[in-house]
Amino acid sequence: MGTRFAASQVLRWTLRNATHSVFGPLQFGRCQLQPLCGGGRLLCSSISQGTLQSTQHTHEPHPLSRQPVTELSLPSLVDMGFTDSQAEQIYDATSKLRGTSASKHALSTLTAMFVLGLNPSSVLKILEKCPELYTINELQLQQRIGNMRKLGLVEGSLQRVVSHFPQILTVPVKTVTHMVLFLREKCQFTSQQVTDILRDSPAVILEDKEQLEYKFQYVYYRMGVKQADMVKSRLFRYTLEEVCCRHCFLERRGLYQTPDKKGQTTIINSKLDSILKIDLDTFLTDVANGSAEEYEVFQRLMAREWQEEEQLQGSIEAGSDDDEEEDEEDEEDDEETSGKSAYRKRRKR
């Protein structure tokens, strides 16, 4: 469905520009759509080599119109399927970026969005969220989209990720690869679980790895939650403070208990998704049996505790380098002990 829409958009745009004396024949060689979509390859090949050539034989354009279209205009944007109002918005946005690479790459960016199967309204929303996409060259876009497909984000999931978090297309492939390896090796998520994390929480790609590891270890060791439940609850959509506050509020009210070495507790703990995937009012009434006033006071106390903890940690770090080296050696002695104690390290604010 998305590919047919993209094909019709490209065909409509191409045929109009092929006979338009102002813009001249649109040369898709500049955009090189082939790597983006199998269906697009056949279409673009047949258009560029067949339709355009036959049109040029029957109607020889002005010599100036033989130049490839490298800048957008209002009529060309309307030909793509945008309304007059949408075309003006995109034209104004690219005009403000004159002198940058936007004027060079805007065409390939729009084409890449259409080939993904996105409609003009969705493309406009994406570019409003992330104008930086105008400045990314075609090869980088192709590599990043292709890499996401390799990671298991197939049609449907890929469009949803790009629509929800278009910034992911501004992140180099190497950065994404490093984060994927981190999630697999440090956090022991399976390949499918990593794909699910990227689909449901794509902003995790930009998280600080130290903070991410702290959050994972806190939930794994302190709360006793396994990887499958972390993925199900979409853990990485929430900040560390949100997770800690809700968990500690339950714990201090006697409603949550850290499992022992065998994973046993004397009470039945609430599931992670029932703690995180609900609004605050529902959490307080259905899970914590508390009031908003109590939770507000508790948050202030927690913030004070964290501040005191950071100050204490700062004074310890200022003590001596020798002490730090001894601590590091102690942590390396036992991997299991290291994992359980890692979440107690100072938080980066």
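The values are calculated or read from the model by the stated rules, or taken from the named source; none is laboratory data. As the structure is a prediction and not an experimental result, all values here were calculated from the model. Quick reminder, even Gly has a Cβ in these numbers, built from the backbone with ideal geometry, and neighbours come from all protein chains shown. Each accessible area value is taken on the protein alone, full model and side chains, heavy atoms only, with ligands, DNA and RNA left out. Shrake-Rupley method; radii C 1.70, N 1.55, O 1.52, S 1.80 Å.
Just a few scattered comments:
- Residue that is surrounded by fewer than 14 Cβ atoms within 10 Å (Cβ to Cβ), closer than 30 Å to residue 184 by Cβ and of a type in the set (Lys, Arg), where the choices are 215, 262: 262
- Selection count where residues are outside any loop (DSSP other than H, G, I, E, B), of a type outside the set (Gly, Ala, Ser), under 29 Å from residue 217 (Cβ atoms) and in contact (Cβ under 8 Å) with a residue 40 or more places away in the chain, scope segment 138-169: 2
- Some residue of segment 179-186 being more than 21 Å from residue 232 (Cα to Cα) and surrounded by 16 or more Cβ atoms within 10 Å (Cβ to Cβ): no
- Conditions (1) in a helix (DSSP H, G or I); (2) of a type in the set (S, T, N, Q); (3) modelled with pLDDT of 95 or more: number failed by residue 211: (3)
- Taken over segment 105-136, residues that are open to solvent by 50 Å² or more (accessible area, probe 1.4 Å) and not hydroxyl-bearing (Ser, Thr, Tyr) amount to 6.
- Scan of segment 140-156 for residues that are of a type in the set (Val, Ile, Thr) and open to solvent by 30 Å² or more (accessible area, probe 1.4 Å), ordered by number: 154
- Taking segment 272-298 as the range and being of a type in the set (S, T, N, Q) and open to solvent by 80 Å² or more (accessible area, probe 1.4 Å) as the test, the residues that pass are 285, 289.
- The one condition in (1) modelled with pLDDT under 90; (2) under 32 Å from the mean Cα position of the chain (by Cα) that residue 273 fails to fulfil: (1)
- In the condition set (1) touching a helix residue (DSSP H, G or I) at 6+ places or on another chain (Cβ under 6 Å); (2) open to solvent by less than 50 Å² (accessible area, probe 1.4 Å); (3) under 30 Å from residue 169 (Cβ atoms), residue 234 is compliant with all but (2).
- Selection status of residue 204, open to solvent by less than 50 Å² (accessible area, probe 1.4 Å), over 25 Å from residue 292 (Cα atoms) and either part of a loop (DSSP other than H, G, I, E, B) or touching a Pro at 6+ places or on another chain (Cβ under 8 Å) (or both): no
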